[in-house]
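The values are calculated or read from the model by the stated rules, or taken from the named source; none is laboratory data. Predicted model, so just to flag it, every value in this text is computed and none were measured. Neighbour counts are summed over all protein chains in view; Cβ atoms, including those assigned to glycine, are modelled from backbone coordinates with ideal geometry. Protein only, heavy atoms only, side chains kept; ligands, DNA and RNA dropped before computing areas. Shrake-Rupley method; radii C 1.70, N 1.55, O 1.52, S 1.80 Å.
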Amino acid sequence: MVTDVIRLFLFPALMAFAASSDLFTMTISNRLSLALTGAFFLLTIVTGMSLGAIGMHLAAGALVLTVCFFFFSMGWIGGGDAKLAAATALWFGFDYLMDYLVYASLFGGVLTLALIQFRKLPLPAVLARQTWILRLHEHGAGIPYGIALAAAALAVYPHTGWMPATRI
């Protein structure tokens, strides 16, 4: 029962924190990616995941980290986004990785287009006093892609074996 509660709330809570952190500060803490990684390993022990399955999840995470590191080195994504995507891929393994990446791309595209439009509009005075809104509104500022990554993760997570009704 405690394991089910952890599986129901831990991953979604960490993803919600990632999205809100990126929205308000344009950063995703290393601690968050480490917490996701640690929680994954804790749950693999608690749920009795096989070593072969753990290895495949590790391979998916390593693949995403490698690709995202390249993207980061080219200046296409932020470091926090790269680490968050890799930690999330660790949870999904190859079984749900493509679903996650497709959702992340779609949500990221919508987020990007929405921010481009938002940045064209003048800010009302009440919003112009909020530092985080000014940061989002700034032309040339980055995209808080952690929002799209978290939304994609939350869209895919209910279909995975981590949910109590679909046991691993």
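Among the chymotrypsin sites (Phe, Trp or Tyr not before Pro) in the stretch 92-168, none sits in a DSSP loop with a Cβ that has at most 10 other Cβ atoms within 10 Å. Scattering from the stretch 68-168 was approximated by placing one identical point on each alpha carbon and applying the Debye formula without solvent; log10 I(q)/I(0) at 0.10 1/Å stands at -0.36. Taking 0.36 nm per residue of separation and subtracting the current Cα-Cα distance, fully stretching the chain between Phe94 and Ile116 would add 4.6 nm.
Can you give the longest stretch of the chain with no exposed loop site, where a site means trypsin sites (Lys or Arg not before Pro) in a DSSP loop (not H, G, I, E or B) with at most 13 other C-beta atoms within 10 Å? It works out to 1-128. 3J(HN,Hα) along the stretch 15-25, derived from phi through the Karplus expression 6.51 cos²θ - 1.76 cosθ + 1.60 where θ = phi - 60°, amounts to 5, 4, 5, 4, 5, 5, 4, 5, 4, 7, 10 Hz, with x in place of Gly and Pro. Relative contact order of the chain, taken over Cα pairs closer than 8 Å and 6 or more residues apart, is 33 percent.
When you count the other C-beta atoms within 10 angstrom of each residue and take the mean per peptide, 45-52, 16-23 line up highest first as 16-23, 45-52.
Within the accessible surface of the chain, defined with a 1.4 Å probe on protein heavy atoms only, the carbon and sulfur portion equals 73 percent. Under the simplified labelling scheme, the Leu23-Ala59 pair shows an inter-label distance of 3.7 nm, with each label point 7 Å from Cα along Cα→Cβ. Summary of the geometry: the stretch 133-149 and the stretch 31-104, compared by the centres of their Cα atoms, lie 23 Å apart.
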